[in-house]
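Participant: Please find one structure pasted underneath; my questions will follow.
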Amino acid sequence: MLARSDIASRLDAVRARIAAAEARFGRAPGSVQLLAVSKVQPAELIRAAHQHGQRAFGESYVQEACDKQALLGERALDWHFIGRIQRNKTKTIAAHFDWVHGLGDPRHAERLGAHRLTVSDEPLRCCLQVNLSGEASKAGVEPHALPELLAHCARIEGLRIEGLMTLPAPAEDIAAQRRPFAVLRALRDRLATPEQPLATLSMGMSDDLEAAVAEGATMVRIGTAVFGPRPRHP
Ligand SMILES: *Cc1c(COP(=O)(O)O)cnc(C)c1O
């Protein structure tokens with residue numbers, strides 16, 4: 001586990017990588033937001049990152065996230081749920097997070113929206129997860145089913161669909177890394193409307209950040225590069 005003092009310099013390095021990628025690929029400065037993925041990392045390191053100007057944090061395990069929110073004060077930070085959604089956790093997710101990135105099931109969407117209405121006037125901001133690797137085990141909706149899921153979710157009160165998210169299988173070189181990100185952006189461009197611009201493309205992690213920025217990512221989800229190697233999830 002890293003010391004608190006390491007976090008500032010690692011955050012600076014990740015911010016520099018994002019800025020360099022924006023410049024290299026003709027993206028506007030500041031157009032790519034950093035989501036610091038703090039799953040399995042202790043509240044101390046989240047606090048250190050927050051003190052160094054980081055506001056948005058990504059968590060994958062509901063109970064662990066709630067425990068850390070209790071220590072840190074939920075409202076000071078923006079909490080993004082990026083893990084696999086389980087039906088019996090939808091109530092807690094709707095109450096304790098600002099964003100959900102892995103939405104791929106219409107029943108989960110309905111439950112999240114209904115619960116959200118009971119706890120907040122602010123809609124839960126969601127990205128629909130698209131499975132671009134064709135693996136049945138992977139979460140997310142297949143591209144052919146995306147238009148129907150989007151139309152369904154757009155009608156659910158309590159949710160606001162902000163855009164699309166994907167989590168591709170690791171690839172070796174930047175050309176291969178860019179391919180699924182280009183597909184996600186093309187899907188977005190095809191489905192976006194003035195009422196539903198799908199402005200957010202949540203894509204890119206520590207090892208493929210540059211490829212994602214090249215293809216139009218607006219939010220990169222970075223864990224290891226900010227917080228170091230993850231301890232095993234208990
Ligand atoms: C863990 C995780 C990340 C961060 O991965 P790193 O390789 O550590 O940057 C990003 N997105 C999702 C959905 C994750 O589960």
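Read the figures in this text as sums done on the coordinates, not as results from a lab. Just so you know, these numbers come straight off a predicted model, no measurement behind them. Quick reminder, even Gly has a Cβ in these numbers, built from the backbone with ideal geometry, and neighbours come from all protein chains shown.
Participant: Could you tell me which of Thr118, Ala176, Ala139 has its Cα farthest along the dipole of region 4-227 towards the positive end, charges placed at Cβ (Lys, Arg +1; Asp, Glu -1), taken about the Cα centre?
Facilitator: Of the candidates, Thr118 comes out farthest on the positive side.
Participant: Let me ask something else about it. Between rounded, prolate and oblate, where does region 149-234 land on the alpha carbon gyration tensor, with a ≥ b ≥ c its root eigenvalues, rounded for a/c under 1.5, else prolate if a/b exceeds b/c? Spell out each step's value before the answer.
Facilitator: Working: a/c = 2.60, a/b = 1.50, b/c = 1.74.
In terms of gyration-tensor shape, oblate.
Participant: Which of the three applies to region 186-234, rounded, prolate or oblate, going by the alpha-carbon gyration tensor with a ≥ b ≥ c and a/c under 1.5 meaning rounded?
Facilitator: In terms of gyration-tensor shape, prolate.
Participant: Once each part is reduced to its C-alpha centroid, what is the distance from region 100-119 to region 27-60 in angstrom?
Facilitator: First find each Cα centre; the distance between them is then 24 Å.
Participant: Just how large is the dipole of the chain about the Cα centre, in debye to the nearest 20, putting +1 at every Lys and Arg Cβ and -1 at every Asp and Glu Cβ?
Facilitator: Result for the chain is approximately 240 debye, rounded to the nearest 20.
Participant: Would you mind telling me which residue in Pro29, Pro168, Pro143 has the biggest mean-square fluctuation in a Gaussian network model of the chain, where springs connect alpha carbons within a distance under 10 angstrom?
Facilitator: Maximum among the listed residues: Pro29.
Participant: Count the net charge of all other residues whose Cβ sits under 13 Å from the Cβ of Val183, scoring Lys and Arg as +1 and Asp and Glu as -1.
Facilitator: Working: positive: Arg178, Arg179, Arg185, Arg188, Arg190; negative: Glu142, Asp189, Glu215.
Counting the neighbours of Val183, the net charge comes to +2.
Participant: Kindly provide log₁₀ I(q)/I(0) values, in the same order as q = 0.17, 0.20, 0.21 Å⁻¹, from the Debye equation applied to equal alpha-carbon scatterers of region 53-185.
Facilitator: -0.91, -1.16, -1.24
Participant: Once the dipole of region 4-227 is set up with Lys and Arg at +1 and Asp and Glu at -1 on Cβ about the Cα centre, which of Ala56, Ala76, His101 lies farthest towards its positive end?
Facilitator: Ranked along the dipole, the leading option is Ala76.
Participant: Could you tell me the largest-minus-smallest coordinate of the C-alpha atoms of the chain on each of the three principal axes, in descending order and whole angstroms?
Facilitator: 46, 41, 32
Participant: Going by how many other beta carbons lie within 10 Å of each one, how would you line up Cys66, Cys153, Cys127, fewest first?
Facilitator: Final ranking by Cβ density, sparse to dense: Cys66, Cys153, Cys127.
Participant: Okay, moving on. Scan around Val40 for amide H atoms under 5 Å from its own, H built in the peptide plane at 1.01 Å from N, and keep only partners 5 or more places away or cross-chain.
Facilitator: Ser60
Participant: In region 75-90, whose amide N lies under 18 Å from the spot 7 Å out along Cα-to-Cβ of Asp121? List them in ranges.
Facilitator: Taking a point 7 Å out along Cα→Cβ of Asp121, the residues of region 75-90 whose backbone N falls under 18 Å are 75.
Participant: List the residues, sorted by chain then number, that are 5 or more residues from Thr200 or on another chain and whose placed amide H is less than 5 Å from its amide H.
Facilitator: For Thr200, whose amide H was placed from the backbone, the distant partners under 5 Å are Gly163, Leu164.
Participant: Which one of Val226, Met205, Val32 is farthest out on the positive end of the charge dipole of the chain, using unit charges on Cβ (Lys, Arg +1; Asp, Glu -1) and the Cα centre as origin?
Facilitator: Ranked along the dipole, the leading option is Val226.
Participant: Please report the relative contact order for region 136-214, taking Cα pairs under 8 Å with a sequence separation of at least 6, and give it as a percent rounded to a whole number.
Facilitator: Once normalised by length, the contact order is 34 percent.
Participant: Ranking Phe181, Phe81 by Cβ neighbours within 10 Å, fewest first, what do you get?
Facilitator: Neighbour counts put them in this order, fewest first: Phe181, Phe81.
Participant: Note the full-extension length gain between Arg232 and His52 as 0.36 nm times their separation in residues minus their Cα-Cα distance, in nm to one decimal.
Facilitator: Numbers: separation 180, 0.36 × 180 = 64.80 nm, distance 2.56 nm.
In short, 62.2 nm is gained.
Participant: OK, next. Search the structure for amide H atoms under 5 Å from the amide H of Leu103, placed 1.01 Å from N in the peptide plane, and list their residues when 5 or more places away or on another chain.
Facilitator: Residues meeting the amide H criterion: Cys127, Gln129.
Participant: Loop-only trypsin sites (Lys or Arg not before Pro) in region 20-124, please: DSSP not H, G, I, E or B, and at most 15 other Cβ atoms within 10 Å. Please list the in-between numbers first.
Facilitator: Working: sites: Arg24, Arg27, Lys39, Arg47, Arg55, Lys68, Arg75, Arg84, Arg87, Lys89, Lys91, Arg107, Arg111, Arg116; in loops: Arg27, Lys39, Arg55, Arg84.
Listed in order of number, the matching sites are Arg55, Arg84.
Participant: In what sequence do Leu71, Leu159 fall when counting other Cβ within 10 Å, fewest first?
Facilitator: Details: Leu71 12, Leu159 23.
Going from least to most buried by this count: Leu71, Leu159.
Participant: Using each residue's phi in region 63-73, evaluate 6.51 cos²θ - 1.76 cosθ + 1.60 at θ = phi - 60° and report the 3J(HN,Hα) Karplus result to the nearest Hz, with x for Gly and Pro.
Facilitator: 5, 4, 4, 5, 4, 5, 4, 5, 6, 9, x
Participant: Could you give each residue of region 206-221 its phi-based ³J(HN,Hα) in whole Hz, using Karplus coefficients 6.51, -1.76, 1.60 with θ = phi - 60°, and x for Gly or Pro?
Facilitator: Once rounded to whole Hz, the list reads 4, 8, 9, 4, 5, 4, 5, 5, 4, 9, x, 3, 10, 9, 9, 9.
Participant: Using the Karplus curve 6.51 cos²θ - 1.76 cosθ + 1.60 with θ = phi - 60°, what ³J(HN,Hα) values do you get for each residue of region 152-159, in whole Hz, with x for Gly and Pro?
Facilitator: With the stated coefficients, region 152-159 comes to 5, 5, 4, 8, 8, 5, x, 10 Hz.
Participant: How far apart, in nm, are two points set 7 Å out from the Cα along the Cα-to-Cβ line at Ala199 and at Ala151?
Facilitator: According to this spin-label approximation, the distance is 2.6 nm.
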